[in-house]
Amino acid sequence: MDLSYILNELGENRSDYYNAIAPPIIQTSNFTFPDVESMRRDMLREFDAHLYTRGNNPTVEILRKKLAALEGAEDALVLASGSAAIAAAVIANVGQGDHIVSVAKPYSWTTRLMMDFLPRFGVTTTFVDGTDVQHFERAIQANTRIIYLESPNTFTFELQDLAAVAALAKARGIVTMVDNSYSTPLYQQPIKLGIDLTMHSASKYIGGHSDLVAGVITGSNEMIRKIFYSEFMTLGGIISPQNAWLMIRGLRTLPLRLERSARSAAKIVAFLEDHPKVKRVYYPFSPTHPQYELARRQMSGCGGLLTIALDTDSLDRVDAFADAFRRFILGVSWGGHESLVFPSGIGYSKETLAPGDTGFTLVRLYIGLEDPYLLIADLRQALEHI
Ligand SMILES: *Cc1c(COP(=O)(O)O)cnc(C)c1O
C-alpha cells in the first residue's frame, strides 16, 4: 500500500457521508439498533461493532486503519495519550509474578510505570544498556514476558538492534514492544523487523500541531483484540472523536512536516558540530553517533530532535543560553510546528549540584517548521552566552 493512498484514501468511505472530502466527526457516545436481534448480536462482538464510543467510533476507526497501514501492522488502537498506550500494551502482557527486561532510561513515565506502578502488582523489571543485544539475553529470566524497547530514546538517542532483539525474544516466546515515537512509522517500521507491538506518543509528530495529546498501539489482530477486551475497555483511556479527527488531519501532512524538520535538523547539526561552544551533538544520523551504522540500517530517516552538550561548567551560563532564544521557545514536548528548547539544567540547582555531574550541560533542541537559517542565527546568538 503506498503512502499517498494510506494518508488520502484508506478507511474513508466518502459515499457514506455526502462524498465530503473531510471525514465527519462522529461526536456520539452511543449507537442505536433497529431491533433486539441486531443489538444482541453486537453486544457480543463489540470489537467489530458500533455499540458505544469507549469501544469503536467510526471517526477513530478511519484513523486506526491509517495508523496500522503506516506501521505495516494488522491493526491499531488509539488512546488518550502516549502514556495510556504504553501502559495498556505493557499491562496486557504481564501478570502477577512476571518480569520485564527493559532498555535503560525509557521515557520518564514509562520508567515510573515499571519502577513504581507494576511492582504493586508483583511485576518486576530489569533495566539494561540496550546498545548490546547480549545485555537483553543475560537479563532474561524464566518468568520474563516482555522485552521493552525505545529506539532511539528522546534525550541521548541510544539505539537497540530491533531485528536482533526480536529474534532473541521470539525464540523464547517473549513479547517485544518498542516506543517508536521518535521515528514515526515513516522513518522506522519495527513490525517488519519482527517486533510484536509498537507504541507512539501521537502528541508529537503524528498529531504534529501541538494541539492534542494521544497515543497509538499497533500489532497483530490477535494482540490488538486482546488489548481491546482488557486494558482498552477496562481502563477506558480512549481518544475523543474530535481529537481523532485532528490526527487524521495531521497525518495528511506528516511526510511533508517530517521531511522539513529532518532537513532543517541536518543543517543545524552541521552548524552545531562545528561550533566551539558545543562539546557534543547527540543525533542518530550524525556520523559522530556511536551507533551511526545501526541507525542508518534500521531507520529510513531521522527526525528533528537532538541534544547538545555545551562546553561550560556553569549552570548560570546554560540558563543564560536557554533564556537568550528569540525563535526557539522554552518548553517540553516536540514534534509540532514550533522549535523548542529543553535545558536539562531545569532539573538542577546550584545548591545541590554534585561535583563532576555535567548533566546540566545537556540541552535538547526540537527543530520545527520555521526557516532553518533563522533558527541557526538564533542558536548562534544564544551560544554567545556560553
Ligand atoms: C511524549 C512521549 C511519551 C508520552 O506520550 P504522551 O502522549 O505525552 O502521553 C512516550 N514516549 C516518548 C518517547 C515521548 O516522547
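In summary, the lysines within cross-link reach of Lys277, defined as a Cα separation below 20 angstrom excluding same-chain residues under 8 places away, comprise Lys267. Here the simple spin-label model places points 7 Å from the Cα toward Cβ, and for Ser333 and Thr131 these points are separated by 3.2 nm. Cross-link partners for Lys170 among the lysines, with Cα-Cα distance under 24 Å and sequence neighbours closer than 8 places in the same chain left out: Lys105, Lys192, Lys226.
For Thr234 and Thr32, the FRET efficiency from 1/(1 + (r/R0)^6), where r spans their Cβ atoms and R0 equals 30 Å, is about 0.80. For the pair Arg280 and Glu293, the difference between a 0.36 nm per residue extended length and the Cα-Cα distance amounts to 2.9 nm. Between Ala270 and Arg326, the contour length at 0.36 nm per residue exceeds the Cα-Cα span by 18.1 nm. Overall, the accessible surface of the chain at a probe of 1.4 angstrom is composed of carbon and sulfur to the extent of 53 percent.
In the chain, the longest principal axis of the Cα atoms and the axis of helix 241-252 are about 60 degrees apart. Averaging over all projection directions, the Cα-based convex hull of segment 254-383 occupies 8.0 nm² in the image plane. Can you give the angle from 0 to 90° between the axis of helix 254-273 and the longest principal axis of the chain, with both taken from C-alpha atoms, to the nearest 10? Once rounded, the angle reads 20 degrees. The angle between the Cα long axis of helix 372-383 and the longest principal axis of the Cα atoms of the chain comes to about 50 degrees, rounded to the nearest 10.
Computed from backbone phi with θ = phi - 60° and the Karplus coefficients 6.51, -1.76 and 1.60, the 3J(HN,Hα) list for segment 192-200 is 5, 8, x, 6, 7, 10, 10, 10, 9 Hz; x is used for glycine and proline.
Ranked by the mean number of other Cβ atoms within 10 Å of their residues, highest first, the peptides 57-64, 41-48 come out as 57-64, 41-48. The Cβ shell under 14 Å around Arg145 holds other residues with a net charge of +1, Lys and Arg each +1, Asp and Glu each -1. With R₀ fixed at 25 Å, the C-beta to C-beta distance from Asp116 to Phe155 puts the FRET efficiency at about 0.80. Here Gln96 and Ala22 are evaluated by their C-beta separation; at R0 = 51 Å the FRET efficiency comes out at 0.65. Sorting the segments 167-176, 300-309 by their residues' average number of neighbouring beta-carbon atoms within 10 angstrom, most packed first, yields 300-309, 167-176. Mean sequence separation of contacting Cα pairs (under 8 Å, at least six apart), scaled by the length of segment 3-252, corresponds to a relative contact order of 25 percent. Potential lengthening of the chain between Ala167 and Phe47 amounts to 40.2 nm, from the contour at 0.36 nm per residue minus the alpha-carbon distance.
For Ser220, neighbours were defined as the other residues whose beta-carbon sits under 12 Å from its Cβ, and their charges (Lys and Arg +1, Asp and Glu -1) total -3.
Within the listed set Gly207, Gly345, Gly359, the residue fluctuating most in the Gaussian network model of the chain (springs between alpha-carbon atoms under 10 angstrom) is Gly359.
The values are calculated or read from the model by the stated rules, or taken from the named source; none is laboratory data. Predicted model, so just to flag it, every value in this text is computed and none were measured. Here the Cβ is made from the backbone with ideal geometry for all residues, glycine too, and neighbour counts use every protein chain on show. Side chains are part of the model used for accessible areas, which takes the heavy atoms of the whole protein and leaves out ligands, DNA and RNA. Shrake-Rupley method; radii C 1.70, N 1.55, O 1.52, S 1.80 Å.
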